[in-house]
Amino acid sequence: METIHKTKTYSLFECFGIELEYMIVNRKSLMPAPISDQVIIKKLGHITDELENGTISWSNELVLHVLELKTTKPVQSLEKLAEDFHQNIVEINALLAEVDCVLMPTAMHPLMDPLKEVKLWPHERNEIYNQYNSIFDCKGHGWGNLQSMHINLPFADDEEFHVLHEAIRHLMAIIPALTASSPIFEGMKSEVLDNRLAFYEQNQKRIPSITGHVIPESVKSKDEYEQKILTKIYKHIAPFDPDKNLQYEWLNSRGAIARFDRNAIEIRIIDLQECPAADIAIAAFISKSLQYLIPQIKKYNPIDELDLYDIYRLALEDGGESIIHYSDYLRYLGIEKKGDLSIKEIWKYLLQQVDLGDAQKSVVEYILEYGNLSQRILFNLKNTSFSVEYIKKEYQLLVECLSENKVYKLR
């Protein structure tokens, strides 16, 4: 999954790598269709775990009903990337139409039972997936029913790694309030807005150090990161991994992980949205917000991951309406205003500090005004019985949003 290839060293925000994961479903029933390998064969003529299609590449994931799209090489700008992703989605949907299937957005399927319906990728590199499955049983929601966006951001050296990592770990505490898109699972409305992250947090509880507290620990260098995080994880997985097949950087499952193999930090905490226009607008907003925060890094001591985790859970559970009472956290974000603020108000403050293109700014403003995607889905379903029929109708609209690259609106 090499989104940023280490062909050269890039400095902060010199380039970006984006990954988007989509579920393949039957066009009529909307139930998962485990045919990602068939899509690749239709396109390429033979099976592979990754194919390049111009600026965007297609690749498999752990489960057969998910297909990942990602930037083939680092891109210097996010401005036109939504269109590139959308063109590939249109092409994939044309291939899927031949078998009456389609791509569906959002971070979780609202109806599937992963214990019954998940099929693992059986082709190249499946020995790693099989080993994961033998340790963690990869058929629950935290494995078989989750789609996300990953943002890869580069760093050139230890100093850049330190400030980027600190900015990310502090900002990611409030990201779920902006990006939650998984309010329903197994046909049930949940009290949690971001169920993908709630399940993700538990999917490797057999070895808790792999996920940690989702928010990574504060470190100042590659050596300290390896000592404080990776060495511990490798030690704990070793009894289950005698051949060391899993003892690599990607084993770390925190919400943001360092990839020293390509000098990048990969942010994994973001739910997939309804269309690339929304995903890329969020990616641009997060990246610009991190650029704004980095000068703050040297002014204050880092906040402990356990304190940041408490804020993260508020964002995950209740979204932008959650109130932040932690003045040190607000100060770290450059907010000197006295008194408590909601997470939504924090994001509105950050939007005032950054420069986004008109189209991207319009998307972010809509989210901040009318709620994250989870909240909008719940609002549009509020006068229904949350029956299978109504849920399917709503997610059919989300499928249309993806195919047309348009934002899902309140009605």
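For the reader, a short list of remarks on this structure follows.
- The slack in the chain from Thr48 to Lys205, taken as 0.36 nm per residue of separation less the alpha-carbon distance, amounts to 53.4 nm.
- Amide H contacts of Ile270 (H built 1.01 Å from N, under 5 Å, at least 5 apart or other chain): Met149
- Applying the criteria of a DSSP loop state and at most 13 other Cβ atoms within 10 Å to the trypsin sites (Lys or Arg not before Pro) of the range 220-255 yields Lys244.
- Centroid-to-centroid separation of the range 296-353 and the range 167-185 [C-alpha atoms, Å]: 13 Å
- Applying a DSSP loop filter and a limit of 15 other Cβ atoms within 10 Å to the trypsin sites (Lys or Arg not before Pro) in the range 322-372 leaves Lys337, Lys338.
- Taking amide H positions as modeled 1.01 Å from N, with prolines and chain starts lacking one, the residues under 5 Å from Arg259 and 5 or more places away or on another chain are Ala264, Ile265, Glu266.
- Per-residue [θ]222 nm for the chain (sum of -39500 (n - 2.57) over DSSP H runs n ≥ 4, rounded to 500): -12000 deg cm²/dmol
- FRET efficiency for Glu14 and Lys220, using Cβ-Cβ distance with R0 set to 30 Å, rounded to 0.05: 0.85
- Using a Förster distance of 35 Å, the FRET efficiency for Val99-Met188 (Cβ separation, nearest 0.05): 0.75
- In the range 100-185, GluC sites (Glu not before Pro) in a DSSP loop with at most 13 other beta-carbon atoms within 10 Å: Glu124
- Dipole orientation for the range 234-392: of the candidates Gln291, Tyr234, Val364, Gln291 has the Cα lying most toward the positive pole (charges on Cβ; Lys, Arg +1; Asp, Glu -1).
- Taking 0.36 nm per residue of sequence separation and removing the Cα-Cα distance, the Lys298/Asp243 pair yields an extension gain of 15.6 nm.
- Prolate/oblate/rounded label for the range 165-211 (Cα gyration tensor, a/c 1.5): oblate
- Residue pairs exceeding 32 angstrom between C-alpha atoms, taken from Lys42/Lys73; Lys8/Lys205; Lys299/Lys361; Lys338/Lys406; Lys189/Lys406: Lys8/Lys205; Lys338/Lys406.
- Rounded, prolate or oblate (a/c below 1.5 giving rounded, otherwise prolate when a/b exceeds b/c) for the range 359-409 by Cα gyration tensor: oblate
- Residue-by-residue Karplus 3J(HN,Hα) for the range 282-296, coefficients 6.51, -1.76, 1.60, Hz, glycine and proline x: 5, 4, 5, 5, 5, 5, 5, 5, 5, 4, 5, 6, 4, x, 6
Where a number appears in this text, it was derived from the coordinates with a stated rule and is not lab data. Given the structure is predicted, the values throughout are model-derived calculations rather than measurements. All Cβ positions, glycine included, derive from the backbone under ideal geometry; neighbour counts span all protein chains shown.
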